[in-house]
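See structure below.
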Amino acid sequence: MSDTLVNATHGDRQRVAPARAKTHSRRHTPVTGEGPWARRLLIALAIAFLALFLLMPLIVVFTEALRAGFGAFFDALAEPDALAAVRLTLMVAAIAVPLNLVFGIAAAWAIAKFEFPGKSFLVTLIDLPFSVSPVVAGLVYVLLFGAQGLFGPWLQSVGFQVIFAVPGIVLATVFVTFPFVARELIPLMEEQGTGDEEVAMTLGASGLQTFLRVTLPNIRFALLYGVLLCNARAMGEFGAVAVVSGRIRGFTTTMPLHVEILYNEYNSVAAFAVASLLALLALVTLAAKAYLESRYGDALASRTPR
Amino acid sequence: MALIFRRKTVYQILFAASFTFLALLTSYARAQTVLLNVSYDPTRELYRDINKAFLAQRAAEKKPPVVIRDSHGGSGAQARAVIDGLDADVVTLALSADIDAIAQRSQRVAADWQSRLPNKAVPFSSTIVFLVRAGNPKGIKDWDDLAKPGVAVVTPNPKTSGGARWNYLAAWGYAEKKFSGDDAKIRDFVGRIYKNAPVLDSGARGSTVSFAQRGVGDVLIAWENEAYLADIEFGKGKFEIVTPSISIRAETPVAVVDANVDRKGTRDVAEAYLNFLWSDTAQAIAAKNYYRPVKPEAAAASDLARFPKLELLTIDGDFGGWAKAQATHFGDKGIFDQIYQPSR
């Protein structure tokens, strides 16, 4: 969602600039010209919409969390089940994000730098987690690894619990966050082409050297950007994780699940305290994203200028 | 251009990351007996108290400590999760049909589970009452008032919620008495109650939140314990509890999940835990949490005095047992499907 927003504002900026340039000659109607009132009205509408549907919920989360004061807020976060939820969420992200970092680079590298049959099929496959509902993603793992599932009886016989335990949560999270890194890298790497790598090879660099010293530095900021998005989703995922979690308090409840449990226990201060942590995470991600964009916008979109 | 990071930094980061990872992993793998109680929605507060008392008793008897974990959700959904492999040691669900489902579909619970514990494996029961808004503006006194036009009734979906099935059967039982068994009239009566329901939540707690927190509807059909709890949670004076003339004894059974405890070697602890539910301590805790104990003599008189006296139907006496009631009323194309058409 944040992605499309950023793109939209970019688009607006490009559209607004020529319109303003043409206002010198008042008599001529600019090509994209709306009357000043229409423009102001539209801007006001957009701002009102953003305030109502994005800003206000955010404020509500924090005011609800702090309704009973800072003491109750920190008590709610220091509660063992809440701490366990935070720890589990961090651990799941710590496993899922590096995995998707490696998979994402590998997939993007293969797709952008090589030609092979079935390439477009692979691209579609990478996008699959975006288009499949998270609930389905969770149920798929239940069908595969559940007690009545395909591998269930065998897993049971070797005593390894996948569904309703941490491995299932990690699997579901890896599934839903898979496209983030790859999607971020593919367009950039395709645009960069294979020229730099060919030069490095000609100068006698080995494959690994080329990858570490040429390919990786070229994509580092896009990579960081993808990892940020991937991490935000990994920590915030609800649907898929809810299906495979089994809701065991303090053991298989991630932060989003814990928020729901607390809310259903009429404990709204604690629910919103944990929710505010998640919101804070989102804000940090957005800030990091904005910083990366303003500082390294070129490197994110196209090849690094030398 | 140099490497993205200095090599030393990379090693440091890798070392720190793997160390944290191992630390997290070991904190989970600590060897300790863990007992998982998979329960239904409104028992969160009850089992929190019971767990505390059980652990205190074990400590007093100098037995090795255990960790008790709880999982709560709609009774049917929880049974489904156990069938799919949720590693429950004990199940404490809203109705015996859900434990029967586990026994039949996964064979994880022995078929004779109900005869292994006293009182058909039901340590405490509840009943179904109404929760109305302060002052009872719609003047709701009995089931008849729920079937009147213009009354918005909040109840969960009997297809997914155990509590909702008790709600439905209580209404059915009342109608059966009122119309002395005239099937068409009974169906019409119960159908009118469900026509008055603007929304069917999937679980009892969801319905309570709809009614109490979001202000939906005029009357909530609820577990007695849930009604009292909502009354306390949202502050006295916002709601009133109305007890109908006839309701149902909602028996909430418990069972050890044999296959799981035998594999994990936790049978002793699991059985001790369930037996503890019949102890005087646990019975008193149940009464304190608004569940009706099977051993009232163990509970505080002041807690018992809160339960109103009313005529209670039973599932076995009046509906021919859960197997029959489940098939007739809640099966695919059962009576509930016939009388309830969601308004579009």
Worksheet item: Angle between the Cα long axis of helix B:7-29 and the longest principal axis of chain B, 0 to 90 degrees, nearest 10?
Response: 50 degrees
Worksheet item: What spacing in nm lies between the two simple spin-label points modelled at A:Leu280 and A:Leu144, each 7 Å away from Cα in the Cβ direction?
Response: 3.5 nm
Worksheet entry | Quotient of Cα Rg and 2.2 N^0.38 Å for the protein assembly as shown, N being how many residues it contains | 1.15
Item to complete: At 1.4 Å probe size, with no ligands or nucleic acids counted, give the accessible surface of B:Trp143 in Å², nearest ten.
Response: 0 Å²
Worksheet item: How large is the accessible surface per residue of the protein assembly as shown, computed with a 1.4 Å probe and reported in Å² as a whole number?
Response: 48 Å²
Worksheet item: Between B:Ser245 and B:Glu297, what FRET efficiency comes out of the Förster formula 1/(1 + (r/R0)^6) with R0 = 22 Å and r the beta carbon distance, rounded to 0.05?
Response: 0.20
Discussion item. List the aspartates and glutamates whose Cα sits under 17 Å from the Cα of B:Lys288, skipping any in the same chain fewer than 8 residues away.
Written reply: B:Glu45, B:Asp49, B:Glu224, B:Glu226, B:Asp231, B:Glu233, B:Asp280, B:Glu297, B:Asp303
Response to the item:
The relative contact order of chain A, taking Cα pairs under 8 Å that sit 6 or more residues apart, comes to a percentage of 27 percent
Worksheet entry | Length gained when the stretch A:Leu212-A:Arg67 is fully extended (0.36 nm per residue, less Cα-Cα span) | 47.1 nm
Worksheet item: In the protein assembly as shown, what % of DSSP beta bridges are antiparallel (nearest 5)?
Response: 55 percent
Discussion item. Looking at the calculated P(r) for the stretch B:176-328, what percent of the C-alpha pair distances fall above 22 Å?
Written reply: 59 percent
Response to the item:
Under 12 Å by backbone N from the virtual spin label 7 Å along Cα-to-Cβ at A:Ser120, the residues of the stretch A:168-200 are none
Worksheet item: Which of the residues in the stretch A:147-180 show a loss of at least 20 Å² in accessible area from their chain by itself to the complete set of protein chains, at a probe of 1.4 Å?
Response: A:Ala147, A:Gln148, A:Gln156, A:Gln161, A:Phe164
Fill in: Relative contact order (%) - criterion: Cα under 8 Å, at least six apart; region: chain B
22 percent
Response to the item:
Log entry, pair B-A: total buried accessible area, probe 1.4 Å, protein chains only, in Å² rounded to 100, is 3100 Å²
Worksheet item: What is the antiparallel percent of DSSP beta bridges lying wholly in chain B, to the nearest 5?
Response: 55 percent
Fill in: Candidate residues B:Glu176, B:Glu224: accessible-area rank, largest first, probe 1.4 Å
B:Glu176, B:Glu224
Worksheet item: lysines within cross-link reach of B:Lys236: Cα-Cα under 16 Å, excluding same-chain residues under 8 positions apart?
Response: none
Discussion item. Could you tell me the calculated FRET efficiency between B:Arg48 and A:Phe53, based on Cβ-Cβ distance and R0 = 41 angstrom, to the nearest 0.05?
Written reply: 0.65
Item to complete: Run the numbers on the stretch A:221-268: which residues show a drop of 20 Å² or more in accessible area, chain on its own versus all protein chains together, using a 1.4 Å probe over heavy atoms?
Response: A:Gly246, A:Arg247, A:Ile248, A:Arg249, A:Phe251, A:Tyr263, A:Asn264, A:Glu265, A:Tyr266
Worksheet item: Using 0.36 nm per residue, how much length does the chain from B:Lys62 to B:Lys195 gain when fully extended, once their Cα-Cα distance is taken away?
Response: 42.2 nm
Worksheet item: With the contact rule set at Cα under 8 Å and sequence spacing of 6 or more, what percent relative contact order holds for the stretch A:29-182?
Response: 28 percent
Worksheet item: Which FRET efficiency, nearest 0.05, do A:Asp127 and A:Glu191 yield, Cβ-Cβ r, R0 25 Å?
Response: 0.85
Item to complete: List the residues of the stretch A:62-92 that lose 30 Å² or more of accessible area once all protein chains are present, compared with their chain alone (1.4 Å probe, heavy atoms only, no ligands or nucleic acids).
Response: A:Arg87, A:Met91
Response to the item:
Simple SL model, points at 7 angstrom along Cα→Cβ for A:Val135 and A:Ser268; separation in nm is 2.5 nm
Response to the item:
Short to long, in 5 Å steps from zero, the percent of alpha-carbon pairs of the stretch A:215-278 per bin is 4, 17, 20, 19, 13, 8, 7, 7, 3, 1, 0
Worksheet entry | Spatially proximal lysines relative to B:Lys177 (Cα-Cα < 23 Å; intrachain offsets below 8 disregarded) | B:Lys141, B:Lys148, B:Lys185, B:Lys195, B:Lys309, B:Lys324
Worksheet entry | Label zone at B:Arg267 (point 7 Å along Cα-to-Cβ), backbone N below 20 Å, the stretch B:31-65 | B:33-38, B:64
Worksheet, complete the sentence: The correct ranking of A:Leu286, A:Leu58, A:Leu203 by accessible area at 1.4 Å, largest first, is A:Leu203, A:Leu286, A:Leu58
Worksheet item: Using the C-alpha atoms of chain B, what convex hull volume per residue, in cubic angstrom, is computed?
Response: 208 Å³
Item to complete: Report the residue, chosen from A:Val158, A:Val181, A:Val135, that carries the largest GNM mean-square fluctuation when chain A is represented by alpha-carbon nodes joined by springs under 10 Å.
Response: A:Val158
Worksheet, complete the sentence: For the stretch B:79-143, the percent of accessible surface on carbon and sulfur atoms (probe 1.4 angstrom, ligands and nucleic acids excluded) is 49 percent
Practice prompt. On the protein heavy atoms, probe 1.4 angstrom, tell me the percent of accessible surface of chain A carried by carbon and sulfur.
Written response: 70 percent
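The values are calculated or read from the model by the stated rules, or taken from the named source; none is laboratory data. Quick caveat: nothing in here was measured; it's all calculated off a predicted structure. Neighbour counts run over all protein chains shown; Cβ positions are idealised from the backbone, glycine included. Each accessible area value is taken on the protein alone, full model and side chains, heavy atoms only, with ligands, DNA and RNA left out. Shrake-Rupley method; radii C 1.70, N 1.55, O 1.52, S 1.80 Å.
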